[in-house]
Structures are given as structure tokens and as C-alpha cells.
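Here the structure is laid out as C-alpha cells; the discussion comes afterwards.
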Amino acid sequence: MEFSDCLEQIVRSARSGQLSFWIGAGFSWEPPASRPLANELKFHILHGICSDPTLHDFYRKRLQESDIGNKIGSYPLEAFIQIIEENHSIANSIARVFCGGSPSRNHLLVAQMIKQRIVSEVLTTNFDLLIERALKSVGWNIGTDYRVYSTERSFRSLNSDLVLPSIFKIHGTADDVESMRITLSQVASSALSENRARVLEHFLASRNGDVLIVGYSAKDDFDINPVLSRIRGKKRILYVSHRPGKQEIDELPPAFHDFDGYSISCDTGVVVDHLWGALFDE
């Protein structure tokens, strides 16, 4: 399949109401959202809890080297925060970080697609509130026009017959620190609650369609990936691997090896721009 054919497949899926989004941290990286990526945040946490300036350079140097840097880089952000939280109360500060920022062109695209009933379900591992703010900017309100599922209680109440468009914040949300604390604890113990696992199963296996995955590393080995391995997915995975300068079609990441679909290696902005132009005639 050619790269241009893949872009058109995404558009056809959207126009037919068969497209869902799975959104990760990379989607909120560019300004004006400017949310930190996982490894950036890990270093800032280490820098923040260390009062000795001489150790700042030590952390910076070691994080750039292969031994400690690779180990910290491969460790889930949520588990990393949980370990720090045992000795330093930082969850509230982390929540404030993710409560900031303004929606980018990426979030506004998703909001417009939801408002126009092109997309009815979005799953995200992000704590931030940028999709909700983007929806607010187009005149949509939580509870009235769409629902957000972000707590154990809301996940427990989920049923397959959803009336309103829905956003599933599988790792919790920054405006509910307790939902974040539960996630931190679960990821640190290499677990995902059955309620959250049910959300993943609903999202991937309740009906046919395509899932466009953007800004997501697919490396949640502690919690999400074990659940993926036991889901018999009905949806096709269209995984965007952010690789500026490339326009290639590859195999899916290992986390999705049991699913139908393919990886699209390119600058994520190319996909976003194509959807804006094809669906909203910019």
C-alpha cells in the first residue's frame, strides 16, 4: 500500500463514521499545548527534588549516558512518579503541570471531528485537559454534549450502549488527582484494574472500525500491553509513528502484533494536515 493510499483510507474511515482516536503524550507536545514528554518530565522531577546544585549536572550527565539513562527512559512515567511519591509528595504538582497549556491544532482537529459526529470515541493515556478545552472552544460541554470516563467509578458504569460521544482517559485526569494516584499505584505494581481493562476491551473489541493511534509510544509494558495481548480486537489499528522526513508503511509495534493494521511512519503533522484539509476544506 502506498503512503497516499493510507491517508485516504483514514479519511474514508472518518467519513463513514468508523474512525476512533487513541491519543498519547506526543499529541500534546507541540506549542501552544507544550506538555512535557515522559523523559523530559522525569529529569525535571529529579532536578526539582534535589536541592544540591552539584547533583543537577550529575543527573543531567547520567541521564544522557547509556546505563542509568536507558533504565530510567524505559521505566513507565507513572511508576517513576509513584516511586518518587513515596518520599516526596509530588502528585499535586504533577497534576498542576498537566492542568496547564492550551489546545493545539491537533486537539482542535479532534474536537471538530467529535462535534461533527465524525468521531464518537477517543481513548487517551494523557492526564492533560486539552481535548476538553478544545471541545469547550467549539461550544461543547462535558455531560451535556459528551462524556469523559476517567475514574474507577465511571469505568465501572461503562456499558456498550453509549449515547454521547465519549473520551476514555484510561490513566486518569489532571483535574482529579485521586484518579492519577490510583493509576500511579496500579502501574507501579504492574497491573491494570479490571474496570480499566473493560474500557480497553470495549474500545477495541465492541465493534468494527479503525483506530488512528497518534502520539503514543506503545510501550506501556506494565499495564496496557498485557491487556492488549488477551483482547481479540475487531478494529484495525492505524498506528502513526512520528518520524519526520519519512513516508513509509511498516508493521505494527509489538504491543499490537495480534491486531490487523499497519504503522504509518511520517511526521504526525502530515496526517493532521491531511485530515483538516479533507474533512474541513481549510
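What follows draws every value from the coordinates through simple rules; no lab data is involved. The structure presented is a predicted model; accordingly, all values stated were derived computationally and were not measured. Note that each Cβ is placed from the backbone with ideal geometry, even for glycine, and that neighbours are counted across all protein chains shown.
Tabulated values for the structure
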| read-out | value |
| --- | --- |
| Mean residue ellipticity (222 nm) of the chain, computed from DSSP H runs ≥ 4 via -39,500 (n - 2.57), nearest 500 | -13500 deg cm²/dmol |
| Distance between modelled label sites at residue 243 and residue 153, nm, 7 Å Cα→Cβ extension | 4.5 nm |
| Added length on full extension, which subtracts the Cα-Cα distance from 0.36 nm per residue, residue 185 to residue 229 | 13.7 nm |
| Overall dimensions of segment 153-282 by Cα: Rg and Dmax, Å | 16.1, 47 |
| Cα convex hull volume per residue for the chain (Å³) | 134 Å³ |
| Alpha carbon centroid spacing (whole Å) that separates segment 69-140 from segment 220-266 | 20 Å |
| Square roots of five times the Cα gyration tensor eigenvalues for segment 212-282, Å | 25, 13, 11 |
| Relative exposure of 44, 242, judged by other C-beta atoms within 10 Å (fewest first) | 44, 242 |
| Label-zone membership for segment 109-149, site residue 193, 7 angstrom Cα→C-beta point, backbone N under 17 Å | 124-127, 148-149 |
| 10 Å Cβ shell holding at most 12 others, DSSP loop, trypsin sites (Lys or Arg not before Pro): longest site-free stretch of the chain | 1-116 |
| Gain in span if fully extended, residue 279 to residue 217, counting 0.36 nm per residue against the direct Cα distance | 19.7 nm |
| Inter-site label distance for residue 105 and residue 30 at 7 Å from Cα along Cβ, in nm | 0.5 nm |
